[in-house]
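See structure below.
The values are calculated or read from the model by the stated rules, or taken from the named source; none is laboratory data. Just so it is clear, the structure is predicted and the values come from calculations on it, not from any experiment. Cβ sites come from the backbone with ideal geometry, for glycine too, and all protein chains shown count toward neighbours. Areas reflect the complete protein model, heavy atoms only, side chains present, ligands, DNA and RNA absent. Shrake-Rupley method; radii C 1.70, N 1.55, O 1.52, S 1.80 Å.
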Amino acid sequence: MYRGTACPAATLVRRWRVVARLLLLLLIGASCAAPPRGPAEPWTHLLPRPASAITTDGGFTLPPGAAISVSDPTLEPIASMLAGTLRPSTGYALPVSATGSGALVLTLDATRTDLGDEGYELTVTSTGLTVRGATPAGVFYGTQTVRQLFPASIESATVQPGPWRVSTGTVRDGPRFAWRGLMVDVARHFFGPAELHRVIDVMAHFKLNRLHLHLTDDQGWRLQLDARPALTSVGGATQVGGGPGGFYSKADYAELVQYAAQRFVTVVPEIDLPGHTNAALASLPELDCDGGVPPPDTGTMVGLSSLCVGVPATAAFVHDVLTEVAAMTPGAWIHLGGDEAKQTSPADYQAAIALARDAITASGKQVIGWEELARADAGPGEIVQHWLDPALPTAAATHGAKVVLSPARRAYLDMQYAPDQPLDVGTFWAGYDDVITSWDWDPGQWLPGVPETQVLGVEGAVWTEYIATPDQLETMIFPRALGLAELGWSPSSGHSTRDYVQRLADFGSRFDAWGVRYFPAATVPWR
Ligand code: TNX
């Protein structure tokens, strides 16, 4: 007789039910241990604030086996830098591949001209994250935003607990201004390449793209040149206060320029003339009017020196120096200084600027100078850098020059934050400049006579008469340079102090993770 239990089909169904129940239990258990679903952080914390960022109702968790893949070999260095940031904290291998698909994808798409020279589109879906740019610079900036989508612990140098989860959504972004700079005065006090690397790392993260190096002044000449080796052997050997000074060898400079370029930062070298030239005059006796070689200047006074246009060696000096600097500099700009030439007659000033201008343009570079350049007919094809007197950049702009804005009372990062700043560094001649004032102005409206179309951008300037150590330098630059980066990058609409200090507050922990000093201003609710 046939017994039902012996029926093979029925047995299979019953066993399958048991197996299914077990599987279900396993799944429930697994999902309890799995990362939470649903949206992660909305994107209201990004700095600089992007042109547009919309989160959708979902999330993406970076899988431990994720790869970073690129659509084009030119993006490999960018992918490697991103991997280098994400590996230590996640503990993931994050290999860089050229497959063009995977969890993290960097894509170069020249047809996306809507994204501009530096813009990007970043999309996050539940399966992965894609950065798209029409240029490598755009893709690089997209990867900086990617870092900010993750919690601050992603910047840590040691393994941190995950899961590494971000919201789904889209960022579409690009800069308001082309020139987003930071000037560092390495002449008054010398700062070596290692310190500049730290500054470049942070500035590039916040989408700043010009490092203006104030390489020469009364107190020091910091760039070695074959044309006049004495400039550094003599002029590089001291600094404010009489310390040992220092200079960049030609190899140091080449390395620095390359390090910056990999991070889409262009080095703009400044050779300041005809004033601010004591270090040159002290190094090269043939430059002195009366043959009297001045002693090194280790003080902090400005406006005491001038090139002597009347001696024949001056023209050769200006030509040889600027031609060699231009040849060493891949960027498009050479800064000729031109500021505070208080010992130079107007005619000599014009003559000196003409010499410099000729050498720079003959080398195929574009002239940038401080606003006093307006007194030597700055015009089309030139850039003037505003710092004090609105009439000068306004006149230059009227004649067709572009303007970079570094108004001293907002953008001079050697100004103290506040009278009670607990740091014995910096000065206050242009006023105190806290985290909010340095950020709370509109570059497009700053100079009434200069329309936004003539404004090339914004630059913070850190002068170092009263800033002597790397710690002090970083504390004066950060976090104010972030505010200037935002003015240079973000749209003017949506500018809100409350929102800004809230966003800034998130970055204290990133600075801590980087080991970079910043001023913990009391106006910011640091977290
Ligand atoms: C003005 S700004 C200067 C510098 C000083 C600075 C100090 C400018 C073009 N010249 O020589 O270092 O003030 O804040």
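Find how many whole Å separate the alpha carbon centroid of the stretch 423-468 from the alpha carbon centroid of the stretch 76-105. Cα centroid of the stretch 76-105 versus Cα centroid of the stretch 423-468: 37 Å apart.
Using Cβ point charges alone (K and R +1, D and E -1), the dipole size of the chain about the Cα centre works out to roughly 3660 debye. What is the distance in Å between the Cα centres of the stretch 371-400 and the stretch 230-290? Each part's Cα centre sits 25 Å from the other's. Ellipticity at 222 nm from helices only: DSSP H runs of n ≥ 4 in the chain, each -39500 (n - 2.57), divided by the residue count, give -10000 deg cm²/dmol. Here the Karplus relation 6.51 cos²θ - 1.76 cosθ + 1.60, evaluated at θ = phi - 60°, turns the backbone of the stretch 392-408 into coupling constants of 5, x, 5, 5, 5, 5, 4, 8, x, 6, 8, 10, 9, 9, 10, x, 4 Hz, with x for every Gly and Pro. Magnitude of the charge dipole for the stretch 179-491, about its Cα centre and with charges confined to Cβ atoms of Lys, Arg (+1) and Asp, Glu (-1), is about 660 debye.
With every protein chain in place and a 1.4 angstrom probe, the accessible-area ranking of K250, K342, largest first, reads K342, K250.
Seen from every direction in turn and averaged, the convex hull around the alpha carbons of the stretch 50-119 projects onto 5.9 nm². The portion of the accessible surface of the stretch 407-503 made up by carbon and sulfur, rounded to a whole percent, is 53 (1.4 Å probe; DNA, RNA and ligands excluded). Charge dipole of the stretch 439-527 (Cα centre as origin; +1 on each Lys and Arg Cβ, -1 on each Asp and Glu Cβ, all else neutral): 260 debye, rounded to the nearest 20.
For the stretch 447-454, 3J(HN,Hα) computed residue by residue from phi via the Karplus equation (6.51, -1.76, 1.60; θ = phi - 60°) reads 9, x, x, 10, x, 3, 5, 8 Hz, glycine and proline entered as x.
Per atom type, the stretch 52-173 shows carbon and sulfur on 57% of its accessible surface, probed at 1.4 Å. Each of R527 and A362 was given a label point 7 Å from its Cα along the Cα-to-Cβ line. The distance between the two points is 5.8 nm. Over all pairs of different C-alpha atoms in the chain, the reciprocal of the mean inverse distance, the Kirkwood hydrodynamic radius, equals 25.1 Å. Axis of helix 76-90 versus longest Cα principal axis of the chain: the two differ by about 60°, to the nearest ten degrees. Measuring nothing but how far apart in sequence close Cα pairs (under 8 Å, 6+ apart) lie, relative to its length, the stretch 179-491 scores a relative contact order of 18 percent.
Working from Cα pairs under 8 Å separated by at least six residues, relative contact order for the chain is 13 percent. To the nearest ten degrees, helix 312-328 and the longest principal axis of the Cα atoms of the chain are 10 degrees apart.
Normalised per residue, the accessible area of the chain is 39 Å², obtained with a 1.4 Å probe and no contribution from ligands, DNA or RNA. In this entry, the stretch 52-173 is assigned a mean projected area of 6.6 nm², taken as a quarter of its C-alpha convex hull surface.
Stretched out straight at 0.36 nm per residue, the stretch from D72 to T127 would grow longer than its current Cα-Cα span by 17.7 nm. Averaging the sequence gap over all C-alpha pairs within less than 8 Å and six or more residues apart, then dividing by the number of residues, gives the stretch 459-527 a relative contact order of 37 percent. In order along the stretch 136-149, phi translates into HN-Hα couplings of x, 4, x, 4, 4, 5, x, 5, 5, 5, 3, 4, 6, 5 Hz, rounded to whole numbers, per the Karplus curve 6.51 cos²θ - 1.76 cosθ + 1.60 with θ = phi - 60° and x for Gly and Pro. Heavy-atom accessible area, probed at 1.4 angstrom with all protein chains present, ranks I436, I154 as I436, I154, highest first.
Calculate how steeply helix 8-33 sits against the longest principal axis of the alpha-carbon atoms of the chain, using the helix alpha-carbon long axis, and give the answer as 0 to 90 degrees to the nearest 10. Compared with the principal axis, the helix lies near 30 degrees.
Of the solvent-accessible surface of the stretch 311-358, computed with a 1.4 Å probe over protein heavy atoms with every protein chain present, carbon and sulfur atoms account for 63 percent. D by Stokes-Einstein for the stretch 179-491, Kirkwood Rh over Cα pairs, 10 °C, 1.306 mPa s: 83 µm²/s.
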